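The structure under discussion appears below in the form of structure tokens.
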Amino acid sequence: MNKTDIVISVKNLVVSFGTFKAVDGVSFDVRRGEIFGFLGANGAGKTTTIRTICGILNPSSGSVTVDGKDVSNSTAVLKPYIGYMSQKFTLYPDLTVHENMRFAGSLYGMSPTQIDERSRKLMDFIGLPQNLPDPVSHLSGGVKQMAALASSLLHDPELVFLDEPTAGTSPQTRAAFWALIRRLSEMGKTVFVTTHYMDEAEYCGRIALMERGRLVALGTPLELKEQFFPVKPLEISFSAPVQNEVRELLKKEGIASAVFGNNLRVRAPDRAALERACAPFAGKFAVREVPPTLEDVFLQAVSGRKNQ
């Protein structure tokens with residue numbers, strides 16, 4: 001990969017708060033124009049990493065460059081290059097969407113004419129009505145999130161950070177958000193998005209999995225599935241309410257399991273080993289191979305780290 005293709009380069013990043021390492025030795029690159037997914041549970045270090053890349057926090061050690069510039073001494077230069085939609089809703093609730101846009105644009109030195117023109121284009125792009133009359137506090141959760149996205153894109157940044165943009169929204173809003181993310185990528189924007197929804201990660205070009213401040217896996221969705229599941233996982237379905245009892249038997253045999261609806265998803269050495277472990281419930285369950293999901297990958301990656 002050519003160096004000019006790399007927009008973000010993170011090398012051995014450590015961010016500490018006292019004795020606590022929120023980010024612990026993380027390294028990765030983000031390529032120009034890709035949708036880069038940053039996954040992990042709450043508290044995994046995702047937001048701290050983003051805030052450091054944006055120059056809001058300083059690294060305790062390691063380095064971060066954006067478009068070839070060290071963020072530690074280039075924050076002012078990089079400000080127009082970066083758009084950041086925070087996990088915490090940041091629009092002013094007593095102002096209308098347009099008033100919020102005017103304020104956001106003024107922070108980037110945009111003229112009222114530039115702001116109005118850009119706002120109209122963004123409302124059309126995102127699918128919101130022009131000049132919504134109500135204060136932001138009166139809008140639905142989905143419209144608020146869309147308005148926050150518009151505000152982060154107002155100055156036409158090349159690199160867009162979206163921190164948990166669909167958290168707490170409806171399935172329809174989540175789908176609409178990801179349609180917009182794909183369109184941004186098609187326009188040549190680099191999109192760095194965090195989420196704890198594993199199904200959303202399937203839309204990303206590459207994914208980094210975070211757990212307790214560490215990077216535990218990095219690759220495309222297909223690469224990660226092949227890496228962690230060279231043999232497909234097995235799923236157990238039941239004809240009797242014995243799921244909990246079967247989980248206890250599997251645990252005693254050292255076979256991890258996860259609940260998927262009324263079924264159990266497991267990774268056993270082979271089908272025979274699984275059936276031997278479940279022998280006391282013969283005739284009450286069935287086993288089949290299933291394609292691995294990114295949730296399977298995440299659970300396996302986290303399990304691997306806990307066993308280190």
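Please treat every number below as a calculation from the coordinates, not as lab data. Given the structure is predicted, the values throughout are model-derived calculations rather than measurements. As a convention, Cβ positions derive from the backbone with ideal geometry for all residues, glycine included, and neighbour counts pool all protein chains shown.
Note on K225: lysines with a C-alpha under 28 Å away, same-chain residues under 8 apart excluded, are K3, K11, K46, K189, K251, K252, K306. For the stretch 206-217, backbone phi angles converted through the Karplus equation (6.51, -1.76, 1.60; θ = phi - 60°) give residue-by-residue couplings of 9, 9, 10, 9, 10, 8, 6, x, 10, 8, 9, 6 Hz, Gly and Pro being listed as x. Summarising the amide proton neighbourhood of E211: residues at separation of 5 or more, or on other chains, whose placed amide H is nearer than 5 Å comprise V216. For the stretch 211-308, the relative contact order is 40 percent, taking Cα pairs closer than 8 Å that sit 6 or more residues apart in sequence and dividing their mean separation by the residue count.
The charge dipole of the stretch 230-291, taken about its Cα centre with unit charges on the Cβ atoms of Lys, Arg (+1), Asp and Glu (-1) only, comes to about 80 debye. The candidate values were (i) 1.05; (ii) 0.99; (iii) 0.96; the one computed from these coordinates for Rg/Rh (Cα atoms, Kirkwood Rh) carries the label (i). Using a Förster distance of 30 Å, how high is the FRET efficiency between R288 and A167, based on the Cβ-Cβ distance and rounded to 0.05? After rounding to 0.05, the efficiency reads 0.35. Comparing mean-square fluctuations of Q172, Q130, Q145 from a GNM of the chain with C-alpha springs under 10 Å, the top value falls on Q172. Expressed as a whole percent, the proportion of Cα-Cα pairs in the stretch 214-308 lying more than 16 Å apart is 54%.
Per-residue extension of 0.36 nm, minus the Cα-Cα distance of D124 and R271, leaves a gain of 47.6 nm for this segment. Where both bridge residues fall in the chain, DSSP classifies roughly 65% of the beta bridges as antiparallel. Using 0.36 nm per residue and subtracting the Cα-Cα separation, the extra length available between D116 and F17 on full extension is 31.5 nm.
Extending 7 Å from the Cα toward the beta-carbon at both F103 and R182 defines two label points whose distance is 3.5 nm. Springs between Cα atoms under 10 Å define the GNM used for the chain, and in it the highest mean-square fluctuation of G261, G33, G105 occurs at G261. Highest GNM mean-square fluctuation among L122, L218, L249, for the chain modelled with Cα contacts below 10 Å: L249. Straight-distance candidates among the aspartates and glutamates for linking to K284, with alpha-carbon spacing under 20 Å and chain neighbours fewer than 8 residues away dropped: E235, E245, E248, E253, D270, E275. In order along the stretch 288-303, phi translates into HN-Hα couplings of 8, 6, 9, x, x, 9, 5, 5, 4, 4, 4, 4, 5, 5, 5, 4 Hz, rounded to whole numbers, per the Karplus curve 6.51 cos²θ - 1.76 cosθ + 1.60 with θ = phi - 60° and x for Gly and Pro.
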